[in-house]
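These notes concern the structure reproduced below.
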Amino acid sequence: MKNYLKANPQQDSVKNYYRLLRKEYTTNIVSLGYEYVYFDKRFDDPWHYTTLDYTRKTSFGPLTGRLIYSNRFKKEGLQGEIEAYPIISKKINAYVGFGYSNAAIFPKFRTGASLYYVFPKNFDAETGFRYLNFDSIQVTLAVIGLGKYVKNWHFNLQSYISVSAKVPANSVTLSARYYFSDRFNFAGVQIGTGISPDDRVRNINQALNYKSYKLGLSYARDIFTNTSLATNVLWYYEQFASNTWGNQIGINFTLNKRF
């Protein structure tokens with residue numbers, strides 16, 4: 001195939017087919033991400049957040065190992081995570097995740113699980129839970145989500161509902177993504193209220209949060225073969241004390257390499 005391409009560089013259809021084959025047969029993904037979070041009132045110093053992921057496709061589903069570094073409140077810390085996405089059947093997939101950290105700026109322990117269902121007419125749904133264990137409080141949330149594909153669009157409504165009435169950790173997010181080709185090439189927008197437990201950057205003691213509203217934009221494209229660059233901008237308008245509101249802006253860049 002490579003020799004044919006060299007001899008016939010004008011054959012675009014063959015080159016595109018070769019690129020497609022390379023994408024289909026990649027089994028590993030390495031991701032490096034960085035996020036910068038600015039506060040106009042709530043905190044004096046910005047937050048810094050860096051992730052390194054390795055994902056491998058297996059016969060029973062993808063496995064991911066993740067190392068997270070964060071600098072928040074003028075403190076540094078690391079958190080390690082392991083995630084699995086088992087394939088149960090053609091119409092049901094699952095998610096199971098575990099994380100641990102001995103740093104005060106992270107939850108000491110986090111875990112979660114979900115089931116993803118595929119329904120007729122391009123509908124999908126999620127049910128599950130998330131659990132965060134901070135030194136001073138424990139947070140357990142139920143997860144409910146509903147999505148639908150419309151051509152290249154995917155619309156999703158996801159809600160996290162606190163099991164404990166003492167912890168105001170509920171959140172609802174409506175998102176829309178337009179996929180140019182695959183999950184590494186898209187443009188998206190999200191609006192919502194509350195902070196998701198799956199948002200690692202903003203997971204601090206949930207009892208400290210009052211209300212918040214968010215708006216986010218995202219974009220990702222391949223910059224080389226099997227190499228994509230994704231960026232995300234997320235704005236929060238949050239209440240952090242009685243009758244006191246402030247702005248929070250996060251900018252994220254993630255480089256993904258498939259091989």
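The values are calculated or read from the model by the stated rules, or taken from the named source; none is laboratory data. All values derive from a computational prediction rather than experimental measurement. Cβ placement follows ideal geometry from the backbone for every residue including glycine, while neighbour counts extend to all protein chains displayed. Calculation scope for accessible area: heavy atoms of the full protein, side chains included, ligands and nucleic acids excluded. Shrake-Rupley method; radii C 1.70, N 1.55, O 1.52, S 1.80 Å.
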Worksheet item: Applying 1/(1 + (r/R0)^6) with R0 = 30 Å to the Cβ-Cβ distance of Lys151 and Lys257, what FRET efficiency is obtained, to the nearest 0.05?
Response: 0.55
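Greater than 18 Å separation of Cα atoms is the criterion. Which listed pairs, Lys90/Lys121; Lys214/Lys257; Lys148/Lys214; Lys151/Lys214; Lys121/Lys151; Lys121/Lys148, meet it? Intermediate results must be reported in sequence, preceding the final value.
Working: Lys90/Lys121 15 Å; Lys214/Lys257 29 Å; Lys148/Lys214 22 Å; Lys151/Lys214 27 Å; Lys121/Lys151 11 Å; Lys121/Lys148 8 Å.
Distance filter (> 18 Å) returns Lys214/Lys257; Lys148/Lys214; Lys151/Lys214.
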Worksheet item: What are the ³J(HN,Hα) values, in whole Hz, obtained from phi via the Karplus relation 6.51 cos²θ - 1.76 cosθ + 1.60 with θ = phi - 60°, for each residue of segment 92-102 in sequence order, with x given for Gly and Pro?
Response: 9, 10, 9, 9, 9, x, 9, x, 9, 8, 9
Item to complete: Please build a GNM for the chain, connecting alpha carbons under 10 Å apart, and tell me which residue among Ser242, Ser212, Ser164 fluctuates the most.
Response: Ser242
Discussion item. Could you check the spin-label model distance between Tyr213 and Phe98? Points 7 Å from the Cα along Cα→Cβ, value in nm.
Written reply: 4.1 nm
Discussion item. Let me check against my output: what whole-number percent is the relative contact order of the chain, with C-alpha pairs under 8 Å and at least 6 apart?
Written reply: 14 percent
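Calculate, for the chain, the solvent-accessible area per residue in square angstrom, rolling a 1.4 angstrom probe over the heavy atoms of the protein chains. Mind showing how you got there, number by number?
Values: 14710 Å² over 259 residues.
Result: 57 Å² of accessible area for each residue.
Carbon-plus-sulfur fraction of the accessible area of segment 138-259, 1.4 Å probe, in percent? Please list the in-between numbers first.
Details: 4020 of 6220 Å².
Its accessible area is 65 percent carbon and sulfur atoms.
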Worksheet item: Can you list the HN-Hα couplings for segment 67-75, worked out from phi with the Karplus curve (6.51, -1.76, 1.60; θ = phi - 60°), rounded to whole Hz and with x for Gly and Pro?
Response: 10, 10, 10, 9, 10, 9, 6, 6, 10
Worksheet entry | All-pairs alpha carbon distance profile, segment 124-195, 5 Å steps from 0, percent | 4, 15, 21, 19, 15, 12, 8, 5, 2, 0
Practice prompt. Measure out, as a whole number of angstrom, how far apart the alpha-carbon centroids of segment 133-159 and segment 75-115 sit.
Written response: 14 Å
Item to complete: For Thr127 paired with Lys108, estimate the spin-label separation in nm (one decimal), with each label point 7 Å from Cα along the Cα-to-Cβ line.
Response: 3.2 nm
Worksheet item: With axes computed from alpha carbons, what is the tilt in degrees of helix 12-24 against the longest principal axis of the chain, rounded to the nearest 10 within 0 to 90?
Response: 50 degrees
Item to complete: Pop out the carbon and sulfur fraction of the accessible area of segment 31-114 as a percent, whole number, probe 1.4 Å.
Response: 62 percent
Item to complete: Using the charge dipole of segment 34-133 (Lys, Arg: +1 at Cβ; Asp, Glu: -1 at Cβ; taken about the Cα centre), state which of Ile82, Phe43, Ala125 has its Cα farthest towards the positive end.
Response: Ala125
